[in-house]
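The values are calculated or read from the model by the stated rules, or taken from the named source; none is laboratory data. Source: prediction; values computed, not measured. Note: ideal-geometry Cβ built from the backbone for every residue, glycine included; neighbour counts use all protein chains shown. With ligands, DNA and RNA removed, areas are computed over all heavy atoms of the protein, side chains included. Shrake-Rupley method; radii C 1.70, N 1.55, O 1.52, S 1.80 Å.
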Amino acid sequence: GTLKVSNIETSSGSGTITVGASGETVDFSNGTVTLNSSMKNTPNFKVSNSGNTSCANNTFVKLSADTETFDSDSAFASDKFTVPSGKGGKYIFTARVYFPNTTSTDYAQVLIYKNGSVVANTSHVHRDYQVHLHCNIESVSASDYFEVYFRHTAGSTKDAQLIEFSGFRLIE
């Protein structure tokens, strides 16, 4: 049968309401489900750079972003993502960097910095015009900030392009 109600509350006015028993499926496909803020993958952001960043040989260079695809909590500014107040937890971060170098034995490294220090990195032996990808999960607190850096050993100053820097909070 169908149960039609406007509001469901516990008899005491507070506590836990269980919908469905163990092993049953609850179908919400015919309605709208509203999640509270702790049940959403926010904040989330995705930024990129339409141009190149000049990177000196064997030097850690911060990559800049000039385009925001989305930024749910307006937490990305000045080429860094800062965790908003009350939004700590575990986050997934990804960074993709294009490095147009024609030699095939140079070393390239994509690094994620947390609060000004390296927290994770991915290293590659460069193979002609590759996109370098880094992905990691970090435990964060409010006001922690994250940036993307790049380093190479191609012998002279080369250009790198931040194709994407993105992240989102995991639901726990």
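Looking only at residues in the stretch 120-162 that are among the hydrophobic types (A, V, I, L, M, F, W, C) and more than 16 Å from Gln109 (Cβ to Cβ), the one that is most open to solvent (accessible area, probe 1.4 Å) is Ile137. Has the stretch 134-157 got at least one residue that is without any contact (Cβ under 8 Å) to a residue 40 or more places away in the chain, closer than 18 Å to Thr53 by Cα and not in a loop (DSSP other than H, G, I, E, B)? No, that holds for no residue.
For the stretch 163-172, the set of residues classified as surrounded by fewer than 16 Cβ atoms within 10 Å (Cβ to Cβ) and either in contact with a Leu (Cβ under 8 Å, 6 or more places away or on another chain) or assigned to a loop (DSSP other than H, G, I, E, B) (or both) consists of Leu170, Ile171, Glu172, listed by residue number. Pairing residues of the stretch 24-45 that are free of Cβ contacts under 8 Å to residues at least 40 places away in the same chain with residues that are among the hydrophobic types (A, V, I, L, M, F, W, C) and part of a loop (DSSP other than H, G, I, E, B), at Cβ distances under 8 Å and at least 6 apart in sequence or on separate chains, gives Val26/Val19. Here Arg96 fulfils each of the conditions (1) open to solvent by 10 Å² or more (accessible area, probe 1.4 Å); (2) modelled with pLDDT of 95 or more apart from (2).
This table checks each residue for (1) touching a Ser or Thr at 6+ places or on another chain (Cβ under 8 Å); (2) modelled with pLDDT under 80.
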| residue | (1), (2) |
| --- | --- |
| Ser6 | no, no |
| Gly13 | no, yes |
| Gly20 | no, yes |
| Pro43 | yes, no |
| Lys46 | yes, no |
| Thr53 | yes, no |
| Glu68 | no, no |
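Residues in the stretch 25-76 that are open to solvent by 70 Å² or more (accessible area, probe 1.4 Å) and closer than 17 Å to Tyr145 by Cβ: Phe60, Glu68, Ser74. Among the numbered conditions (1) in a loop (DSSP other than H, G, I, E, B); (2) over 15 Å from Val47 (Cβ atoms), the only one that Ser74 does not meet is (2).
Being on the phi > 0 side of the Ramachandran plot, without any contact (Cβ under 8 Å) to a residue 40 or more places away in the chain and open to solvent by less than 80 Å² (accessible area, probe 1.4 Å) holds for only one residue in Gly86, Gly20, and it is Gly20.
The set of residues in the stretch 123-172 that are within 27 Å of Lys87 (Cβ to Cβ) and of a type in the set (Ser, Thr, Tyr) comprises Ser139, Ser141, Ser143, Tyr145, Tyr149, Ser166.
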